[in-house]
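Asker: First, the structure itself, so that you have it in front of you.
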Number of protein chains: 2
Amino acid sequence: MPAQLKKISESTIHRLSIYYRALAALEKENRTTISSKELAKRDKLTPAQVRKDLSFFGSFGTRGLGYPVVELRNRIAEIMGLNRLWNVALVGVGNIGSALAQYKEFAKQGFNIKLIFDNDLRKIGSNHKGIIVSDVRNLKSMVVSENIDIVIIAVPAASAQAVCDEVVAGGIKAILNFAPINLKVPDDVVLRNQNMCIELEHLAFALNNKNR
Amino acid sequence: MPAQLKKISESTIHRLSIYYRALAALEKENRTTISSKELAKRDKLTPAQVRKDLSFFGSFGTRGLGYPVVELRNRIAEIMGLNRLWNVALVGVGNIGSALAQYKEFAKQGFNIKLIFDNDLRKIGSNHKGIIVSDVRNLKSMVVSENIDIVIIAVPAASAQAVCDEVVAGGIKAILNFAPINLKVPDDVVLRNQNMCIELEHLAFALNNKNR
DNA sequence: TTATATTTGTGAACAGTTTCACAAAAGAAA
DNA sequence: TTTCTTTTGTGAAACTGTTCACAAATATAA
Ligand SMILES: NC(=O)c1ccc[n+]([C@@H]2O[C@H](COP(=O)([O-])OP(=O)(O)OC[C@H]3O[C@@H](n4cnc5c(N)ncnc54)[C@H](O)[C@@H]3O)[C@@H](O)[C@H]2O)c1
Ligand SMILES: NC(=O)c1ccc[n+]([C@@H]2O[C@H](COP(=O)([O-])OP(=O)(O)OC[C@H]3O[C@@H](n4cnc5c(N)ncnc54)[C@H](O)[C@@H]3O)[C@@H](O)[C@H]2O)c1
């Protein structure tokens, strides 16, 4: 039962991230095995869901006992590509960009912010946590020369598509976008949007429809 | 066909947010009507999807013509609770919290950050975009007295559950959490998590499984 | 060694979501 | 008016994702 054959759903990938975190915690507690039941309870999921998700990638459990914590964690890391370093470039170091540049969790998970870009002359050349801010005019050439895998876009909405086009031209295949705009990318580029207003709108909807 | 009867899925709510934005843009362009076909194309959806989503809430289109832009936008605002002001409190004004405090998009959509809290004496009393940072010890009483609807948690993971418990005790029913931790909340509290590492992990998975 | 208890892995049933397809309604043209 | 075109609204079909239920495998206890 090697490498997965079926298409894996977004929800399964999301839960894999969740299992990965739970397993990391269990590893710290020196737990050696965990059952689908217990793993499910930690995150308000069902045991069947856990088993089904894992079964897409093989069978790493032991019946009557559960899953080996360390091994399963490694296996998920392998599946998700978390057992390696990813080179990340951040474009736009304003309010949100600065916060992201400081964020230690990224490096811990193997996401190494290697380059930072801006178009503001006062920011170019300045030092952000040991990284010198580059001129955005060098964006395309530098994402190529520095082997960037993932680009985070944190520029105003009006500039986001231009930045996006540049990095796509530089061969980037994965983008995390914070600008509240629909970026157009080719089919082979994966784009994820982090839109905080939409998150608040979900909450507003929930509050607005409580007593229905 | 008044007020919706069936349970509305998360995906439908999400798309409603998307339609709302598209309609706002169309309104600026002085478009009076839009067909499901055109609305769909803007966001890589299908016309049937658009019509189905809207049909859960009534029928506001005109056959042969499409939907009236202004009217539909108002109707969605009504459904989602975007035609009013929501009082928001932000807890933790560090890297990400400061960025959020500056973020103008929130106010534009009716999310009014009314209170900001921190536990750092150097920050309490300081002025953030016209808002004086309050002592987190007053969190529970002030979310009540100031009629806060939504709380944004932007404190370190280790403090997030304590903050969460306080605001829940203060009667808050909607929370947007930025700490990378599973908060425990009662069933009647809506919680949404914004976990940026998980977003990057989705991208890592996609890159890692490109040539499968 | 045998019996009993756990827990996995997985087809099958079920539930939820999206897409299809078309009648009905309205607009536009003749 | 009549005809033709467009587009909605919506059941039904197709698809996708979740939960069920149980045989098989292994652990644990007697
Ligand atoms: N502030 C927030 O909390 C927040 C939250 C969610 C999303 N966003 C979005 O993130 C983006 C940035 O927001 P912000 O609040 O940090 O704004 P900001 O104005 O503080 O920062 C934008 C930065 O991008 C730089 N920039 C502008 N055009 C550029 C270009 N063409 N190339 C390179 N750099 C360029 C600016 O010099 C500035 O440093 C916006 O799209 C905003 O809507 C912000
Ligand atoms: N920096 C980022 O880009 C980023 C991105 C995603 C998520 N996050 C998460 O957001 C949270 C905050 O991150 P940050 O980078 O802004 O950290 P930070 O240390 O810069 O800010 C945390 C703030 O919370 C305050 N605080 C601590 N304990 C508190 C308490 N009990 N009550 C009230 N205030 C308290 C601190 O004084 C500080 O001002 C963390 O959980 C982090 O994982 C950060």
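The values are calculated or read from the model by the stated rules, or taken from the named source; none is laboratory data. Note that the coordinates shown come from a computational prediction; the quantities given were computed from them, not determined experimentally. Using ideal geometry, Cβ is built from the backbone for each residue, glycine included, and neighbour counts are taken over all protein chains shown. Protein only, heavy atoms only, side chains kept; ligands, DNA and RNA dropped before computing areas. Shrake-Rupley method; radii C 1.70, N 1.55, O 1.52, S 1.80 Å.
Asker: Looking at B:Asn119, B:Asn177, can you tell me which residue is near ligand 2 (Cβ under 10 Å from one of its atoms) and closer than 30 Å to A:Met80 by Cβ?
Answerer: B:Asn177
Asker: Moving on to the next point. When you scan the stretch A:1-103 for helices (runs of 4 or more DSSP H) that lie fully inside it, which ones turn up with 1 or more residues that are within 16 Å of ligand 1 (Cβ to nearest atom)?
Answerer: Qualifying helices (runs of 4 or more DSSP H): A:95-102.
Asker: Looking only at the stretch A:167-190, filter to residues that are more than 20 Å from B:Tyr103 (Cβ to Cβ) and facing chain B (nearest Cβ under 9 Å); which one of those is surrounded by the fewest Cβ atoms within 10 Å (Cβ to Cβ)?
Answerer: Filtering first and then ranking leaves A:Asp188.
Asker: Sticking with this structure for a sec: Restricting attention to the stretch A:17-42, which residues are open to solvent by 30 Å² or more (accessible area, probe 1.4 Å) and within 14 Å of DNA strand D (Cβ to nearest atom)?
Answerer: A:Ile18, A:Arg31, A:Thr32, A:Thr33, A:Ser35, A:Lys37, A:Lys41, listed by residue number.
Asker: To continue, here is another question. In this structure, is B:Lys114 assigned by TED's automatic domain parsing to the domain that holds B:Leu191, modelled with pLDDT of 95 or more, open to solvent by 60 Å² or more (accessible area, probe 1.4 Å) and outside any helix (DSSP H, G or I)?
Answerer: Yes; evaluated as a whole, the condition is true for this residue.
Asker: Among the residues of the stretch A:43-58 satisfying the criterion of being more than 23 Å from the chain's Cα centre (by Cα) and open to solvent by less than 60 Å² (accessible area, probe 1.4 Å), which is nearest to A:Ala25 (Cα to Cα)?
Answerer: A:Pro47
Asker: Mind checking whether some residue in the stretch B:200-212 is among the small types (Gly, Ala, Ser), surrounded by fewer than 16 Cβ atoms within 10 Å (Cβ to Cβ) and either out of contact with any Pro (no Cβ under 8 Å at 6 or more places or on another chain) or in a helix (DSSP H, G or I) (or both)?
Answerer: No, because not a single residue in the stretch B:200-212 is among the small types (Gly, Ala, Ser), surrounded by fewer than 16 Cβ atoms within 10 Å (Cβ to Cβ) and either out of contact with any Pro (no Cβ under 8 Å at 6 or more places or on another chain) or in a helix (DSSP H, G or I) (or both).
Asker: Could you list, in sequence order, the residues of the stretch B:78-107 that are away from ligand 2 (no atom under 16 Å from the Cβ), more than 10 Å from every other protein chain (Cβ to nearest Cβ) and touching a residue at least 40 places away in the same chain (Cβ under 8 Å)?
Answerer: B:Asn87
Asker: Which condition does A:Ala24 not pass, out of (1) more than 16 Å from ligand 2 (Cβ to nearest atom); (2) within 14 Å of another protein chain (Cβ to nearest Cβ); (3) of a type outside the set (D, E, K, R), if it passes all the others?
Answerer: (1)
Asker: Next question, about the same structure. Out of (1) free of Cβ contacts under 8 Å to residues at least 12 places away in the same chain; (2) open to solvent by 80 Å² or more (accessible area, probe 1.4 Å), the odd one out for B:Lys6 is which?
Answerer: Of everything listed in (1) free of Cβ contacts under 8 Å to residues at least 12 places away in the same chain; (2) open to solvent by 80 Å² or more (accessible area, probe 1.4 Å), B:Lys6 misses just condition (1).
Asker: Closer than 27 Å to A:Ala157 by Cβ and surrounded by fewer than 22 Cβ atoms within 10 Å (Cβ to Cβ): is that true of B:Gly125 in this structure?
Answerer: No; evaluated as a whole, the condition is false for this residue.
Asker: State all residues of the stretch B:149-199 that are among the polar types (S, T, N, Q) and not in a helix (DSSP H, G or I); if no residue qualifies, say none.
Answerer: Hits for the stretch B:149-199 are B:Asn177, B:Asn182, B:Asn193, B:Gln194, B:Asn195.
Asker: Which residue is nearest to the other protein chains (Cβ to nearest Cβ), if the candidates are limited to the stretch A:52-75 and must be over 23 Å from B:Ile181 (Cα atoms) and among the basic types (Lys, Arg)?
Answerer: Applying the filter and picking the extreme gives A:Lys52.
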